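What follows is a set of notes on a single structure, which appears directly below.
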Amino acid sequence: MAAAKILVIEDDDDVARLEQVVLERAGYEVRRVATGADGLEQAAAFHPDLVILDVGLPDISGLDVCTSLSNSTSTFILMVSGHTREQDVLLGLGLGADDYVTKPFSTNELVARVASFLRRRDRLRNEPESGATLEVGDVKLDRNFHSLARNGKSVSLTALEFRLLWFLAEAEGRLMTRAQILEHVWNDTSGVPTRVVDVHVAALRKKIAEVDAPLELSSVRGIGYRLDKK
């Protein structure tokens, strides 16, 4: 089996070199670049299974790179930053990152996070497909395009947004706890704050409104979410 491919986008050469060394020792194929522009170019050419993305890049904000990657690829994104405030973490996750670590972090933690992502990738590949489309009333979710459509209007969803909405749509009318959502949508990833669910639900509500879909993501305070038809 071919080694999983990892792209490191990090402008601190010492940090990038260390990440490359420990990940190559763990058996992964690693490429590293120092700018956001080079990162986007390499992501298109290299097709990595995982991108390790620093927030503070010299040319393009890592948050903007994250948005571009999440809109154009299905790769997992692990954001890295010196910022520790919860709102910074949630902002990165809301833009499409799958997880977030703050500097300094141990090399063991990095390798463990990467292994966790790749286990999730393998689980997703092995899950039986429940169909290419799912309809809730006159609203259609299309797995092939990661889109939400109604009456000729369509909006694209990130991979995580799509997976979250599909999960809630399959359970239409039933309350799903944050723990259930994290287990199903983020499954093997550890250390994801439960509020990340709230961030993605907020993003989904905006996209549901864009296509005038008669769907409501109802919240039960402190417990979780339910998808209902209006």
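The values are calculated or read from the model by the stated rules, or taken from the named source; none is laboratory data. Because the structure is predicted, anything quoted here is derived from the model rather than measured. Please note: Cβ atoms are built from the backbone with ideal geometry, for glycine as well, and neighbour counts cover all protein chains shown.
Identify all residues within the range 16-32 that are outside any loop (DSSP other than H, G, I, E, B) and in contact with a strand residue (DSSP E or B) (Cβ under 8 Å, 6 or more places away or on another chain); write none if there are none.
Of everything in the range 16-32, those that are outside any loop (DSSP other than H, G, I, E, B) and in contact with a strand residue (DSSP E or B) (Cβ under 8 Å, 6 or more places away or on another chain) turn out to be A16, R17, E19, Q20, L23, E24, E29, V30, R31, R32.
Considering only residues that are assigned to a helix (DSSP H, G or I), at pLDDT 85 or above and farther than 18 Å from G56 by Cβ, which ones fall in the range 89-119?
If the condition is that a residue be assigned to a helix (DSSP H, G or I), at pLDDT 85 or above and farther than 18 Å from G56 by Cβ, then T107, N108, E109, V111, A112, V114, A115 are the ones that fit.
Of all residues in the range 46-88 being free of Cβ contacts under 8 Å to residues at least 40 places away in the same chain and in a strand (DSSP E or B), which is surrounded by the fewest Cβ atoms within 10 Å (Cβ to Cβ)?
S81
Could you list, in sequence order, all residues of the range 201-216 that are closer than 20 Å to N151 by Cα and either assigned to a loop (DSSP other than H, G, I, E, B) or among the hydrophobic types (A, V, I, L, M, F, W, C) (or both)?
Residues satisfying the conditions are L204, I208, A209, V211, D212, A213, P214, L215.
Name the one entry in L23, L40 that is farther than 16 Å from V80 by Cα, touching a residue at least 24 places away in the same chain (Cβ under 8 Å) and buried (at least 17 other Cβ atoms within 10 Å of the Cβ).
L40
Can you spot a residue in the range 156-165 that is basic (K, R) and touching a residue at least 60 places away in the same chain (Cβ under 8 Å)?
No, the range 156-165 has no match at all.
Please pick out the residue among L160, L124 that is out of contact with any strand residue (DSSP E or B) (no Cβ under 7 Å at 6 or more places or on another chain), surrounded by 15 or more Cβ atoms within 10 Å (Cβ to Cβ), within 17 Å of T73 (Cα to Cα) and modelled with pLDDT under 85.
It is L160.
If you take the residues of the range 127-147 that are at pLDDT 80 or above and of a type in the set (S, T, Y), which of them is nearest to the chain's Cα centre (by Cα)?
For the range 127-147, the residue satisfying everything is S147.
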